[in-house]
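Asks: The following block contains the structure, expressed as structure tokens.
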Amino acid sequence: MTMADNVRSRTLVKSGSRAPATALFGAAAFLVLVLIWVAVRHSRQKPWNDTSITAAFVKLTVKKGQKDVHLILTYKLTNNTGDKYRLPPPGSSELMRKTPGGAMKEVDSVLWDQETPIPAHGAAVEEFDISQNPIHYDLDLEELDTHDKLMSFVNSRLAHIRGLEFADYIHRYNIELPRGWN
């Protein structure tokens with residue numbers, strides 16, 4: 001083996017060892033570009049929309065259950081978009097109440113129908129069933145057995161609600177549910 005063959009062997013070995021490093025550098029650069037693209041795209045999330053779904057108060061129904069009182073607030077929801085819409089389930093959305101001080105607080109023990117379709121550019125009626133346990137207000141359900149006592153309890157609970165807002169985290173819709181009760 002001559003010296004020229006020995007140099008060429010070293011050169012081949014040396015240049016062959018750069019290929020994995022170059023591939024690693026290329027993969028790392030590609031990964032950085034993908035991460036930057038994802039971060040930029042995520043930061044340009046669509047803004048919250050307050051007008052896609054609008055609401056009008058229809059009625060308040062009060063039902064006395066076995067352990068609690070149900071305030072059933074009925075609203076007509078109008079879909080101002082070109083797509084059919086359904087209210088998402090809890091976890092992906094929540095009902096918030098406006099307090100007398102102006103703060104927003106989550107409404108506990110509320111149910112709504114997640115199956116009601118609201119057609120594109122159409123409307124549908126939706127009920128929000130808010131359960132109130134009188135025990136949390138130092139009352140027994142039996143104390144609310146007359147209509148006057150029951151309505152006094154309901155009015156005291158409604159006095160703490162200055163309005164409602166439904167937050168849809170999937171579509172980023174805020175649906176203002178106006179106060180329509182006295």
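The values are calculated or read from the model by the stated rules, or taken from the named source; none is laboratory data. Because the structure is a prediction, the values reported are computed rather than measured. In case anyone asks, the SASA skips ligands and DNA or RNA and just uses the protein heavy atoms, side chains included. Shrake-Rupley method; radii C 1.70, N 1.55, O 1.52, S 1.80 Å.
Asks: Want the number for residue 51 to residue 136: 0.36 nm per residue separation, take away the alpha-carbon distance, what's left?
Replies: 27.0 nm
Asks: Moving on. Out of residues 5 or more away from residue 163 or on other chains, whose amide H comes under 5 Å of its own, with H placed 1.01 Å from N in the peptide plane?
Replies: 98
Asks: Which shape class applies to region 72-182: rounded if a/c is under 1.5, otherwise prolate when a/b exceeds b/c and oblate if not, where a ≥ b ≥ c are the square roots of the Cα gyration tensor eigenvalues?
Replies: Since a/c reaches 1.5 and a/b is larger than b/c, the shape of region 72-182 is classed as prolate.
Asks: Just want to confirm a number: the relative contact order over region 33-182, from Cα pairs under 8 angstrom separated by 6+ residues, in percent.
Replies: 31 percent
Asks: May I ask you to evaluate 6.51 cos²θ - 1.76 cosθ + 1.60, the Karplus curve with θ = phi - 60°, for each residue of region 83-100 and list the ³J(HN,Hα) values in order in whole Hz, giving x for glycine and proline?
Replies: 3J(HN,Hα) across region 83-100, in whole Hz: 10, 4, 9, 10, 5, x, x, x, x, 9, 7, 7, 9, 10, 10, 8, 8, x.
Asks: With a 1.4 Å probe and every protein chain left in place, tell me how much accessible area residue 170 has, in Å² to the nearest 10.
Replies: About 100 Å², rounded to the nearest 10.
Asks: Counting only protein heavy atoms and a 1.4 Å probe, tell me what percentage of region 96-169's accessible area is made up of carbon and sulfur.
Replies: That share works out to 49 percent.
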